[in-house]
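Undergrad: Quick one: structure below, then a few questions.
The values are calculated or read from the model by the stated rules, or taken from the named source; none is laboratory data. Everything quoted here is computed from the prediction, not taken from an experiment. As a convention, Cβ positions derive from the backbone with ideal geometry for all residues, glycine included, and neighbour counts pool all protein chains shown. Remember, those area values only see protein heavy atoms, side chains included, never the ligands or the DNA or RNA. Shrake-Rupley method; radii C 1.70, N 1.55, O 1.52, S 1.80 Å.
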Amino acid sequence: MLSRVDPEFQYPQVVCLSPTYELALQTGEVAAIMSTYCPNVYIRFAVSGECVERGSKIKEQIIVGTPATVLDWATKFKYFDPKHIKVFVLDEADIMIMGHQNRCFHIRKLLPETCQMIFFSSTYSEDAMMFANAIAPMSVILRLKREEETLGNIRQYYVNCNNKEDKYDILMNICGAVTIGQALIFCQTKKMASWLVNQMVEQGHAVALLSSKLTVQRRISVLDRFREGEEKLLVTTSTLSRGIDVGQVTIVINFDLPITVSHEPDYDTYIHRIGRTGRFGKKGIAINLVSDSSDHSVLKKIEEHFGKPIECLNTDNADDIE
């Protein structure tokens, strides 16, 4: 995006869409740091709460934001002319078809035919490919092999448990016995995440909860505190499974395995979850807590799907944990 901007012109030339406020903010912050090496190139956030004076025009060349806000700025408020856009980027493109598809198509129709379309996603379902082909037909596809999707520097384990209380005790054993940077703990539901955090807080653990129930401002505050190391443990649902990079995360724990509504393994969510560790070539660990035959069946399918071993971990043995 930075390389495609002409700094002589002070109007938007690139639009980058993300499915969530947090991801847009992260992408924009990284781009802003990199833009310090690009004289006279500037970034503008188009997210909820970002104010622009009515009747004015945006001068920053790159807009990073969410679909609803970008569409409003282009059509309702006319803060920028979409006909000047040279590059249109969709991040987490497979998520864009779930709730953002119409807005993405609307924005696409506003752009010139010469505009370059670039889609990014770690996973592409059949629906996502149809969506991509509808917006950017005859496109070049760059794809990783399936066996390259699960990073080789992430060691995967599972622990046998009896129930959620047993899972909690094992979780405390892991966190208490291992010297970790920071850990992300994923639950399948907001109810389970809240229960887990309440249990941990009662026992005096420094833990944070991130869920869609929180306001946008509160979610950003929770993430900032976690990035700064004020809490070592962060409990969430799959809200954080995509795109958020926290370099200090060394362990991801699936308190619940990710499943679909039909109780089949959710492979895409699994790979996004464990991918929160082992970032940028670092080593990472993913631990799955399994409590019944259904969990074991899901875990087995995940292991077979990615062709990577998921080893049994004995949490009663301190040497095994180390």
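Undergrad: Could you work out the mean projected area of the convex hull around the alpha carbons of the chain, in square nanometres to one decimal?
TA: Quarter of the Cα hull surface area: 17.5 nm².
Undergrad: Length gain on complete extension for the stretch E304 to N162, per 0.36 nm per residue less the alpha carbon to alpha carbon distance?
TA: The span from E304 to N162 would gain 48.7 nm if fully extended.
Undergrad: Using mean Cβ contacts within 10 Å as the protection proxy, how do 15-23, 292-300 order, highest first?
TA: In decreasing order of mean packing, 15-23, 292-300 become 15-23, 292-300.
Undergrad: What size of dipole, in debye to the nearest 20, comes out for the stretch 69-211 about its Cα centre when the only charges are +1 on Lys and Arg C-beta atoms and -1 on Asp and Glu C-beta atoms?
TA: The calculation lands at about 480 debye.
Undergrad: If you rank K164, K191, K282 by how much accessible surface each has, with a 1.4 Å probe, what is the order from largest down?
TA: Putting K164, K191, K282 in descending order of accessible area: K191, K282, K164.
Undergrad: Which entries in K191/K213; K283/K308; K191/K232; K190/K300 show an alpha-carbon gap greater than 18 Å?
TA: Table pairs above 18 Å Cα-Cα are K191/K232; K190/K300.
Undergrad: What residue among S291, I310, G275 has its Cα farthest toward the positive end of the dipole of the stretch 275-319, where the charges are +1 on Lys, Arg and -1 on Asp, Glu, each on the Cβ?
TA: G275
Undergrad: With +1 on each Lys and Arg Cβ and -1 on each Asp and Glu Cβ, how big is the dipole of the chain about its Cα centre, in debye rounded to the nearest 20?
TA: Dipole magnitude for the chain comes out near 1260 debye.
Undergrad: Quick one: ranking E304, E231 by accessible area, 1.4 Å probe, largest first, what do you get?
TA: From most exposed to least exposed: E304, E231.
Undergrad: With a 10 Å cut-off between alpha carbons and a GNM built on the chain, which of K190, K76, K283 moves the most?
TA: In the Gaussian network model the winner is K76.
Undergrad: Then there is this: Using a probe of 1.4 angstrom, how much of the accessible area of the stretch 200-322 is carbon and sulfur, in percent?
TA: Of the solvent-accessible surface of the stretch 200-322, carbon and sulfur hold 49 percent.
Undergrad: With every protein chain left in place, what is the accessible area per residue of the stretch 95-143 in square angstrom, probe 1.4 Å?
TA: Here the residues of the stretch 95-143 average 67 Å² of exposed surface.
Undergrad: May I ask you to list the aspartates and glutamates whose Cα is less than 14 Å away from that of K282, ignoring any residue fewer than eight positions away on the same chain?
TA: D245
Undergrad: When the chain is modelled as a GNM with alpha-carbon springs shorter than 10 Å, which of Q217, Q188, Q156 fluctuates the most?
TA: Q217
Undergrad: State log₁₀ I(q)/I(0) for the stretch 172-322 at q = 0.16, 0.17, 0.21 Å⁻¹ as given by the Debye formula over alpha-carbon point scatterers of equal weight, solvent excluded.
TA: So the normalised log intensities are -0.91, -1.04, -1.59.
Undergrad: Using only the Cα atoms, what convex hull volume per residue in Å³ does the stretch 92-139 have?
TA: Considering the Cα atoms of the stretch 92-139, their hull volume per residue is 69 Å³.
Undergrad: Using just the helices of the chain, give the 222 nm mean residue ellipticity in deg cm²/dmol: DSSP H runs with n ≥ 4 each add -39,500 (n - 2.57), and the total is spread over all residues, rounded to 500.
TA: Counting only the DSSP helices, I get -10000 deg cm²/dmol.
Undergrad: Two decimals is fine: what is log10 I(q)/I(0) at q = 0.16, 0.18, 0.25, 0.27 Å⁻¹ for the stretch 249-294, from a Debye sum with one equal scatterer on every Cα and no solvent?
TA: Calculated log10 I(q)/I(0) at the listed q: -0.46, -0.57, -0.91, -0.99.
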